[in-house]
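The values are calculated or read from the model by the stated rules, or taken from the named source; none is laboratory data. All values derive from a computational prediction rather than experimental measurement. Backbone-built Cβ (ideal geometry, glycine too); neighbour counts: all protein chains shown. Just so you know, the surface numbers come from the protein's heavy atoms only, side chains and all, with ligands and any DNA or RNA stripped out. Shrake-Rupley method; radii C 1.70, N 1.55, O 1.52, S 1.80 Å.
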Amino acid sequence: MIASSELILNPDGSVYHLNLKPEHIANDIIFVGDQNRVEKITQFFDSIEYSTQKREFKTQTGIFKGKRITVMSTGIGPDNIDIVMNELDALVNIDLETREPKATLTSLNIIRIGTSGALQADIPCDSFVMSKFGLGLDNMLRSYLVDAISNIAIEDAFVKHTDWDLKKGKPYVISCSEKLEKIIESDRMHKGITATAGGFYGPQGRVLRLNIQDENLNGKMDNFEFENAKITNLEMETAAIYGLGKLLGHECLSLNAIIANRATGTFSDDPYKAVDELIAYTLEKLSLD
């Protein structure tokens, strides 16, 4: 039995941070970072059956063209993803009354929809990026046994190319769900490696009043390539989602609407339009599955 100190439940029996019970979530789940973006997606639903929020974790479950879908805000960063992924898995794969893992496990379909800036000149504003791999620059996933699921060849190539300081921990690389990749496939999708940082400022090369360990890291990342795969964008969640998803047996895919291109110095004329188009496209694909 899993101790109450390890799997924390609220007085009503819901999981601690998400404030959810098993019946509150669908098998198909869309992640967004910003709680205010949840309703940008659920506004397209035919109906909403459940809605709740605790802290930054806002959840709405409803029906879109006959398909039951949950939309959830995760907040920012790998540490939040650790909470969300583990508590979602507990909802479907642990009996919350007996505190025992279930004999038959459920695999969730999880798609992250975000916005990002492209690192490569050939990925224009208003295009979509599908993360073929998540490259984790944080240490969160190293608390788990990840070597069996990670792409060590890409990890080693990245460490060598960037002269990575291993005092920061070894980066990890996890692939996306091939199942969801086929469902969401589009000619408009650019594919590559999405780098996931453990912070917004220093970890992403931003300098305010503090010097950083490697001021040239972003440039090295821009130039990294492994078997024709380049680092397309930099954010704070994808690799953690992929890693925990694969360890727990869930299908995960990360998508981004590109609203800026750092290589060309351009910004979308209408970033909201690109996001709305990615939302509509993803919902339509999910409804047909």
>> Can you compute the radius of gyration and Dmax for region 206-245, using only the Cα atoms, both in Å?
In response: 13.2, 38
>> I want to verify the translational diffusion coefficient of region 46-96 in µm²/s; compute it with Stokes-Einstein, Rh as the Kirkwood radius over Cα pairs, at 25 °C and 0.890 mPa s.
In response: 202
>> Relative contact order of the chain, please, whole-number percent, based on alpha carbon pairs below 8 angstrom and at least 6 residues apart.
In response: 23
>> In Å², and per residue, what accessible area does the chain have when probed at 1.4 Å with the other protein chains present?
In response: 46
> Shape call for region 232-289 from the C-alpha gyration tensor, a ≥ b ≥ c root eigenvalues: rounded (a/c under 1.5), prolate (a/b greater than b/c) or oblate?
Replying inline: oblate
>> Could you compute the net charge surrounding Ala90? Neighbours are other residues with a C-beta less than 13 Å from the C-beta of Ala90; K and R count +1, D and E count -1.
In response: -4
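Expressed as a whole percentage, what fraction of the accessible surface of region 192-289 belongs to carbon and sulfur atoms when a 1.4 Å probe is rolled over the protein heavy atoms? Could the numbers behind the result be given before it?
Numbers: 2250 of 4620 Å².
Answer for region 192-289 is 49 percent, counting heavy atoms of protein chains only.
Taking 0.36 nm per residue of sequence separation and subtracting the Cα-Cα distance, how much length would be gained by fully extending the chain between Asp187 and Ser287, in nm to one decimal?
On the way: separation 100, 0.36 × 100 = 36.00 nm, distance 1.92 nm.
Extra length available between Asp187 and Ser287 comes to 34.1 nm.
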>> Please list, short to long, the whole-number percent of alpha-carbon pairs of the chain in consecutive 10 angstrom bins beginning at zero.
In response: 6, 29, 36, 22, 7, 0
> P(r) tail for region 1-144, what percent of Cα pairs lie past 24 Å?
Replying inline: 38
> To the nearest 20 debye, what is the magnitude of the charge dipole of region 1-54 about its Cα centre, counting +1 on the Cβ of each Lys and Arg and -1 on the Cβ of each Asp and Glu?
Replying inline: 160
> Among Gly243, Cys176, Leu217, whose Cα sits farthest toward the positive end of the charge dipole of region 133-284 (+1 at Cβ of Lys/Arg, -1 at Cβ of Asp/Glu, about the Cα centre)?
Replying inline: Leu217
>> Going Cα to Cα from Lys168, which lysines come in below 16 Å? Please leave out same-chain ones fewer than 8 positions away.
In response: Lys160
>> List the lysines whose Cα sits under 30 Å from the Cα of Lys65, skipping any in the same chain fewer than 8 residues away.
In response: Lys21, Lys40, Lys54, Lys132, Lys179, Lys182, Lys191, Lys246, Lys273, Lys285
> Using a Förster distance of 45 Å, how high is the FRET efficiency between Val92 and Ala229, based on the Cβ-Cβ distance and rounded to 0.05?
Replying inline: 0.90
>> Within region 24-42, list the residues whose amide N lies under 15 Å from a label point set 7 Å along Cα→Cβ of Asp12.
In response: 24-25
>> Suppose the Debye formula is applied to equal point scatterers at every Cα of region 79-213; what is log10 I(q)/I(0) at q = 0.12 Å⁻¹?
In response: -0.63
>> Using a Cα-Cα cut-off of under 17 Å, which aspartates and glutamates could be cross-linked to Lys102, ignoring same-chain neighbours fewer than 8 residues away?
In response: Glu6, Glu23, Glu87, Asp89
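Evaluate E = 1/(1 + (r/R0)^6) for Asp222 and Lys273, where r is the Cβ-Cβ distance and R0 equals 25 Å; express this FRET efficiency to the nearest 0.05.
Approximately 0.40, to the nearest 0.05.
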> Probe 1.4 Å, all protein chains in place: accessible area of Lys273 in Å², nearest 10?
Replying inline: 110
> In region 73-147, what is the volume of the convex hull around the alpha carbon atoms, normalised per residue and reported in Å³?
Replying inline: 147
>> Probe radius 1.4 Å, ligands and nucleic acids ignored: give me the carbon and sulfur share of the accessible area of region 31-150 as a rounded percent.
In response: 49
> Under a point-charge model restricted to the Cβ atoms of Lys and Arg (+1) and Asp and Glu (-1), what is the dipole moment magnitude of the chain relative to its Cα centre, in debye to the nearest 20?
Replying inline: 220
> For the pair Thr264 and Lys179, how long in nm is the line joining their label points, each one 7 Å along Cα→Cβ?
Replying inline: 3.7
>> If you build the convex hull over the alpha carbons only and average its shadow over all orientations, what do you get for region 154-280? Give it in nm² to one decimal.
In response: 9.4
